[in-house]
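Have a look at the structure below before the remarks.
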Amino acid sequence: MRQFLAKPTYQLLTIWLLCLAASAGAIWFATHQPSLGMNFKVSEGQVRVAKVTAAQGAAVAPGARLLRINGMDIRAGDLDNDADMTLNFDGLTAYYARLNTLDAMLHGQTVTLAWADDQDAVHETVIQPQPRLLGSLSAAFWVVLLVGDLCLFISAWVYVLKPRDWGARMFVLSGLMLMVSAYPTAIMYSRELALSGNLFRAMLLTNHFGATMYGATIAPMFLLYPKILVSPRHLLWLPVMAAATFIAELAEVGDEQNSIVFMAAAMLISVIAAVVQWRLTREQPLERASLRWFLLATMVGLMLLTVTLILPPLFGLLPLISTGYAFVFFLIMYVGIALGLRKFRLFDLDEWAYRILLWMAGATAVIAMDIVLVAVGLEQTISLSLTLLLCGGLYFPFRQWLWQRIVNRQTPSFESLLPELSAIAFAATPVSQRERWEALLRRLHDPLELKTSDAQSGAILDEGLRMQVPGCGTLPAYTLHYAGHGARLFSSRDAIFAASLSQLLEQIMSGRSSYEQGVAQERLRIGRDLHDNIGARLLKLIHHLRGTPNAEVARDAMKDLRTAIASMDTRPVPLRNALADWRAEADARCEVAGCRLHWQQNEELPAVELAPRMKATLESVVREIITNALKHASPKRIDVEISADAHVLRASVCNDGEITDPLTWKDGYGLRSMRGRLEELSGCLHIAPAQDKVQLIAEVPLL
Amino acid sequence: MKVVLILDDMPESQEMLREVAQKAFPGICSCCVADVAGALTMLRQFQFDLALIDLSLPDGNGTTVIEAMATRFPDCVIVVATIFDDDEHLFPALRAGAHGYLLKDQAPEQMVKQLRGITEGHPPLSPSVARRLLDHFRVEHESPEDVAAEDILLTPREREVLVQLTRGISIADIGEVMSISRHTVSDHVKNIYRKLNISSRAEAALRAKGMGLV
């Protein structure tokens with residue numbers, strides 16, 4: 001049992017069941033009072049029949065004036081539930097005595113009612129009182145019961161989750177005291193005409209005890225939450241004073257309105273404490289936002305209560321509202337706090353606190369349905385199975401739906417984000433990876449500010465004002481400031497989600513990098529094979545052919561091999577660098593051939609990069625052109641002119657060697673393969689014959 | 001240049017390199033070995049001014065020899081003789097202390113020219129490799145204070161030459177671009193190397209990058 005009660009959920013369930021049991025007790029009591037089968041109301045100082053509620057009262061017409069019961073005059077004051085507000089101790093004693101007499105009559109076998117109809121004709125009806133029917137209980141009875149249960153439940157909910165918080169402790173005590181004052185009120189409101197005067201007195205006193213003690217706990221709550229203004233020890237005098245007030249009332253000493261005065265004083269302390277709390281949060285927008293909600297919820301309830309119920313009697317006026325309905329104001333207060341828990345993290349609670357409620361609702365549904373089915377007449381075993389079946393089929397899907405509505409509403413699922421995460425991981429450059437990741441974080445949380453940080457893990461900072469998202473792979477960690485453009489706080493759920501997202505992204509990224517590593521390794525292997533086998537043989541060939549024209553062919557083959565291996569690199573090459581490489585190679589070759597190279601290129605080159613494959617292709621084309629010129633024309637000078645803009649790269653090569661008409665050139669392997677390679681890049685090769693020279697122009701589009 | 005170590009496992013290459021070294025530095029004494037073990041033994045017995053070292057050898061990698069050589073003879077010019085200039089092969093060697101590299105498939109006359117460049121203060125290193133080296137070691141360039149100091153150290157003309165040098169243009173072409181003789185360019189280059197305490201185009205490129213010149 002002790003272990004059972006150690007868990008907040010079970011503690012709360014126990015309290016809830018106790019509330020329900022108390023309600024059941026009150027209902028049982030109310031329905032076991034003798035009933036005349038009609039409800040009464042006071043209008044224009046007369047007691048009238050408001051409604052006939054059961055068969056035994058059918059003889060009396062609604063609207064009839066009730067004159068006497070068993071010969072005893074009935075007065076409007078007999079039905080006054082708020083007699084304590086207007087009568088002094090002596091008046092109350094007389095009131096209780098009348099109630100005792102009436103109650104004794106109602107408990108008799110028969111009761112004789114004298115009543116007057118519309119025409120003032122007096123009738124006498126003999127009624128056998130029957131137990132009260134459930135449906136005839138007044139609305140006020142139900143309202144008060146509901147408020148009592150709910151307020152205790154809500155405050156207990158906060159308390160079981162934050163048992164060490166002084167604010168929560170005072171909150172739960174106030175909820176308990178509210179219930180202590182609510183139940184007697186409900187009992188008083190359950191009467192049809194009269195209750196035992198002794199019982200009524202006991203109920204009234206209990207109600208007063210609860211009310212003063214409520215004042216003695218609600219004022220400390222404001223003194224202790226959110227900031228502890230006064231040490232809890234120093235607040236003990238409040239309940240002591242409340243007890244003193246109550247004992248005075250019990251002993252019928254002093255002023256009848258002392259408890260009201262005490263309540264008014266407690267409210268005043270609450271307001272002052274609230275003002276001080278408010279001033280203390282001057283510099284803290286977050287705490288102030290949370291306090292604003294808390295004060296709004298509590299103060300609206302308390303103010304309405306004070307204005308309608310507490311202040312009028314102090315000025316000798318009647319309360320503006322019946323005590324029963326005044327309990328609704330408490331409900332505003334407690335429900336307001338319950339609703340604020342998530343958004344404003346009241347008592348430092350978060351949306352997870354709602355989970356416990358859904359669980360409770362499930363348990364309650366099962367029990368309630370079981371009771372209903374047994375009441376309908378089903379056997380207990382069958383009813384329990386049926387209940388579980390119905391709850392399983394209806395309640396749990398509903399709960400899931402509700403949870404989604406309350407908590408998960410705007411959080412997209414991992415599944416829906418997976419394509420986006422892959423897009424980030426496979427983005428072409430680290431910069432675009434970063435841009436996409438930042439965009440995703442912005443879209444998910446809509447922060448006012450997004451800064452890189454060096455955080456190692458995800459976390460909520462400053463009570464939800466900021467959230468850390470850990471870094472992953474090459475992406476830095478971030479701190480997000482002010483969720484929802486400042487309209488929301490980050491929840492612990494947000495942090496967990498973001499951290500999981502970043503972890504997932506890291507996994508995808510490492511998948512990408514191992515893929516790339518695999519590709520690189522394979523390239524390396526191919527490169528090494530080419531190097532070790534073909535390269536070594538080609539070199540041998542070059543040595544053997546030394547001094548023959550074919551040595552050049554072998555050398556070109558070696559260069560092409562190098563180009564091919566270089567093209568397996570994945571990194572794009574800036575155009576400037578590619579041109580420098582080609583120029584260096586052409587330079588070296590012309591130097592060996594005793595030919596002068598004149599290389600011209602734009603001063604300002606476009607900032608484009610060539611894919612390795614493109615660089616390799618163009619490199620071998622330029623090489624081929626130079627080779628052909630050196631081989632066939634034996635020139636003194638080769639002119640290379642490079643012009644490039646953002647769209648086209650154009651290389652024009654001409655030489656001053658022996659000129660043959662290009663039309664007579666055999667479209668041999670060299671020319672064909674050059675054309676083919678350029679066409680592969682959507683480019684072309686022009687041969688432009690001029691008078692004293694031949695110009696070859698290679699053109700490729702740059703993307 | 002008095003003694004050269006030639007490390008190559010292909011006899012034809014060995015022969016060719018010996019010829020090239022002789023032509024570049026007449027009267028030089030060549031010491032030829034075909035494996036790492038042989039080279040390391042030689043290192044312990046003789047002193048070398050120049051080393052032409054192939055990388056893939058039957059009993060290991062030429063880089064081992066380069067390291068030993070650079071430690072033992074800091075003044076020795078170490079040149080890698082290879083058929084490939086890819087990062088994978090070359091960078092570890094340059095890191096280990098090689099000053100330049102020769103592509104063995106080139107015409108021998110060209111290799112001779114390149115080796116002769118050593119006496120003028122620029123060991124053979126193609127601009128393409130220098131630039132890739134630069135990209136590769138980008139992260140390692142020095143702190144801004146040093147950079148500022150070096151920047152002041154160089155004359156405006158020298159800075160101009162340095163910029164051209166890193167673009168991969170030959171000494172002769174630099175002269176043409178700047179309208180000065182190739183000898184003047186060579187002098188500038190020597191001064192740059194001396195002032196920056198470097199000995200290769202690759203290092204020059206790195207420093208130029210560090211200074212924000214390129």
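The values are calculated or read from the model by the stated rules, or taken from the named source; none is laboratory data. The shown structure was predicted, so the numbers you read here are calculated from the model rather than taken from an experiment. Every residue, glycine among them, receives a Cβ derived from its backbone with ideal geometry; neighbour counts consider all protein chains shown.
Structure above, values below:
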quantity: A:VAL144 in contact (Cβ under 8 Å) with a residue 12 or more places away in the chain, within 30 Å of A:PRO220 (Cβ to Cβ) and buried (at least 24 other Cβ atoms within 10 Å of the Cβ); calculated: yes
quantity: Top-ranked residue in segment B:107-134 [being in a loop (DSSP other than H, G, I, E, B) and at the interface with chain A (Cβ under 10 Å from one of its Cβ atoms); ranked as surrounded by the fewest Cβ atoms within 10 Å (Cβ to Cβ)]; calculated: B:ALA107
quantity: Count of segment A:543-577 residues which are farther than 18 Å from A:ILE626 by Cβ, facing chain B (nearest Cβ under 7 Å) and more than 60 Å from the chain's Cα centre (by Cα); calculated: 1
quantity: Any hit, segment A:297-307, residues being in a helix (DSSP H, G or I), β-branched (Val, Ile, Thr) and without any contact (Cβ under 8 Å) to a residue 12 or more places away in the chain; calculated: no
quantity: Residue in segment B:163-197 that is nearest to the other protein chains (Cβ to nearest Cβ), counting only those that are in a helix (DSSP H, G or I), without any contact (Cβ under 8 Å) to a residue 12 or more places away in the chain and crowded, with 17+ Cβ neighbours inside 10 Å; calculated: B:ASP173
quantity: Residues satisfying the stated conditions in segment A:488-503, i.e. in contact with a strand residue (DSSP E or B) (Cβ under 7 Å, 6 or more places away or on another chain), among the hydroxyl-bearing types (Ser, Thr, Tyr) and modelled with pLDDT under 85; calculated: A:SER492
quantity: Residue that is modelled with the lowest pLDDT [pool: residues in segment A:686-695 that are over 11 Å from A:ARG650 (Cβ atoms) and part of a strand (DSSP E or B)]; calculated: A:PRO689
quantity: Count - residues of segment A:230-253 that are surrounded by 14 or more Cβ atoms within 10 Å (Cβ to Cβ) and either among the aromatic types (Phe, Trp, Tyr) or more than 16 Å from A:PHE171 (Cα to Cα) (or both); calculated: 8
quantity: Residue ID - farthest from A:SER259 (Cα to Cα), chosen from residues in segment A:75-105 that are at pLDDT 90 or above and touching a strand residue (DSSP E or B) at 6+ places or on another chain (Cβ under 9 Å); calculated: A:MET105
quantity: Hey, A:LYS631 under 20 Å from B:ASP173 (Cα atoms) and either more than 12 Å from chain B (Cβ to nearest Cβ) or of a type in the set (Phe, Trp, Tyr) (or both) or not; calculated: no
quantity: B:LEU7, sole failed condition from (1) within 14 Å of another protein chain (Cβ to nearest Cβ); (2) surrounded by 20 or more Cβ atoms within 10 Å (Cβ to Cβ); (3) under 19 Å from A:HIS531 (Cβ atoms); (4) not charged (D, E, K, R); calculated: (1)
quantity: Residue ranges of strands (runs of 3 or more DSSP E) in segment A:447-487 with at least 3 members at pLDDT 80 or above and either touching a helix residue (DSSP H, G or I) at 6+ places or on another chain (Cβ under 7 Å) or buried (at least 17 other Cβ atoms within 10 Å of the Cβ) (or both); calculated: A:466-469, A:477-481
quantity: Any hit, segment A:66-78, residues being under 30 Å from A:LEU331 (Cβ atoms) and without any contact (Cβ under 8 Å) to a residue 60 or more places away in the chain; calculated: yes
quantity: Residue within segment A:512-534 that is within 54 Å of the chain's Cα centre (by Cα), facing chain B (nearest Cβ under 9 Å) and not polar (S, T, N, Q) present; calculated: yes
quantity: Residue ID - nearest to the other protein chains (Cβ to nearest Cβ), chosen from residues in segment B:78-101 that are in a strand (DSSP E or B) and in contact (Cβ under 8 Å) with a residue 60 or more places away in the chain; calculated: B:ALA81
quantity: Options A:LEU575, A:LEU530, A:LEU561: the member that is hydrophobic (A, V, I, L, M, F, W, C), touching a residue at least 24 places away in the same chain (Cβ under 8 Å) and touching a strand residue (DSSP E or B) at 6+ places or on another chain (Cβ under 8 Å); calculated: A:LEU575
quantity: Residue in segment A:599-610 that is closer than 30 Å to B:ARG18 by Cα and at the interface with chain B (Cβ under 9 Å from one of its Cβ atoms) present; calculated: no
quantity: Strands (runs of 3 or more DSSP E) contained entirely in segment A:33-132, each with at least 2 residues that are within 56 Å of the chain's Cα centre (by Cα); calculated: A:38-43, A:46-52
quantity: Qualifying residue in segment A:537-554 (condition: crowded, with 18+ Cβ neighbours inside 10 Å and more than 20 Å from B:LEU55 (Cα to Cα)); calculated: yes
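This table checks each residue for (1) closer than 26 Å to B:ILE171 by Cα; (2) surrounded by 18 or more Cβ atoms within 10 Å (Cβ to Cβ); (3) within 14 Å of another protein chain (Cβ to nearest Cβ).
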site	(1), (2), (3)
A:CYS595	yes, yes, yes
A:LEU618	yes, yes, no
A:ILE625	yes, yes, no
A:GLU641	yes, no, no
A:ARG650	no, no, no
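Okay, residues lined up against (1) part of a strand (DSSP E or B); (2) touching a residue at least 24 places away in the same chain (Cβ under 8 Å); (3) within 14 Å of another protein chain (Cβ to nearest Cβ); (4) of a type in the set (S, T, N, Q):
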{"residue": "B:LEU17", "(1), (2), (3), (4)": "no, yes, yes, no"}
{"residue": "B:CYS32", "(1), (2), (3), (4)": "yes, yes, no, no"}
{"residue": "B:LEU40", "(1), (2), (3), (4)": "no, yes, no, no"}
{"residue": "B:ARG44", "(1), (2), (3), (4)": "no, no, no, no"}
{"residue": "B:ALA51", "(1), (2), (3), (4)": "yes, yes, no, no"}
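Every residue, every condition in (1) touching a Cys at 6+ places or on another chain (Cβ under 8 Å); (2) modelled with pLDDT under 90, yes or no:
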{"site": "B:CYS29", "(1), (2)": "no, no"}
{"site": "B:LEU50", "(1), (2)": "yes, no"}
{"site": "B:LEU57", "(1), (2)": "no, yes"}
{"site": "B:VAL80", "(1), (2)": "no, no"}
{"site": "B:ALA98", "(1), (2)": "no, yes"}
